[in-house]
Amino acid sequence: LGLKLKLLESTPSTQEEVRKLAEKGAPHGTLVLAEEQTAGRGRQGRRWYSPPGKGIWMSLLLRPERQPLSIAPQLTLLVAVAVCRAIRKVAGVNAGIKWPNDILVSGRKLCGILVESVAEDELIRYAIAGIGIDVNLEERDIPQELKPVATSLSLASGRRIDRIALIGAVLNEMEQLYELYTQEGFGPVGHLWEALSVTLGREIAVHTPNGVLKGTATGLDSSGALLLLDQDGKHFTIFSGEVQLGG
Ligand code: BTN
């Protein structure tokens with residue numbers, strides 16, 4: 001992974017850069033990194049604040065072989081495991097994953113992941129794994145409205161973090177997990193995700209397009225969806241939504 005690399009000073013979004021390269025036939029593992037994004041995108045149509053020089057804003061092209069679109073959520077969870085492991089190793093912080101793929105330290109988010117799949121006839125043609133890590137942002141770099149919910153690796157660890165070392169660690173972890181996934185399927189990756197999860201066993205509220213569900217997060221199903229048990233003992237399977245910890 002990352003053998004084909006494009007480095008940019010500034011771009012609207014590295015996701016779009018990778019999409020263009022993918023359409024021109026770029027290989028699996030192609031990586032685009034930008035110092036700054038002017039229109040960084042988050043999940044569910046949100047914006048992703050990507051100021052110059054202090055974060056890692058990157059997108060990685062994945063070309064799974066003959067995989068149905070239904071495995072896309074598994075890829076998302078795989079990327080979260082890889083990034084969480086890399087962050088723990090390089091920064092020595094106790095990072096955890098909030099379903100599906102936010103990385104938190106002490107309840108505050110410092111990394112977001114956006115995996116976009118492009119499919120044809122229900123088969124994945126390619127997927128773009130977008131990773132945004134708030135590495136060396138200082139208190140004053142974080143917009144006021146995000147302060148209660150966001151932090152950075154340097155704030156969480158109390159020291160400056162080498163961005164190159166972290167990018168290397170992310171690629172390393174991704175490579176190993178992707179290999180494990182192609183060899184053995186989602187099972188082992190799912191277990192690693194569960195071990196890093198800050199969602200499982202907790203009371204949560206999930207905001208879905210159809211309303212809010214409250215209950216205890218009990219696990220993942222084989223597709224990567226979140227299982228929830230509500231107060232009346234009813235089971236729910238959640239495919240997309242926004243999790244609020246603490247219910
Ligand atoms: C989220 O938590 O909402 C996901 C944020 C994903 C941000 C990354 S930064 C690199 C890539 N390019 C984008 O425009 N978004 C992703």
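The values are calculated or read from the model by the stated rules, or taken from the named source; none is laboratory data. Quantities reported herein were computed from a predicted structural model and do not represent experimental measurements. Cβ placement follows ideal geometry from the backbone for every residue including glycine, while neighbour counts extend to all protein chains displayed. Remember, those area values only see protein heavy atoms, side chains included, never the ligands or the DNA or RNA. Shrake-Rupley method; radii C 1.70, N 1.55, O 1.52, S 1.80 Å.
For the reader, a short list of remarks on this structure follows.
- Calculated accessible area for the chain comes out at 47 Å² per residue, all protein chains present (probe 1.4 Å; ligands, DNA, RNA ignored).
- Among the chymotrypsin sites (Phe, Trp or Tyr not before Pro) in the range 164-196, none is located in a DSSP loop while being surrounded by at most 15 other Cβ atoms within 10 Å of its own Cβ.
- Span-like helix criteria (full DSSP H runs; alpha carbon extent of at least 20 Å along the helix axis; mean Kyte-Doolittle hydropathy of at least 0.0) are satisfied in the chain by 72-91, 163-184.
- Along the axis of the charge dipole computed for the chain (Cβ charges of +1 for Lys and Arg, -1 for Asp and Glu, origin at the Cα centre), the listed residues Leu62, Gly241, Pro143 are led at the positive end by Pro143.
- Rounded if a/c under 1.5, otherwise prolate or oblate - the range 139-247, Cα gyration tensor axes: oblate
- Shape of the range 86-170, Cα gyration tensor, a/c cut at 1.5: prolate
- For the range 1-48, trypsin sites (Lys or Arg not before Pro) meeting the loop criterion (DSSP other than H, G, I, E, B) and having at most 16 other Cβ atoms within 10 Å: Lys4, Lys24, Arg46.
- Only helices enter the 222 nm calculation for the chain: every DSSP H run of n ≥ 4 contributes -39,500 (n - 2.57), and dividing by all residues gives -9000 deg cm²/dmol, rounded to 500.
- Element breakdown for the chain at a 1.4 angstrom probe: carbon and sulfur atoms account for 51% of the accessible area.
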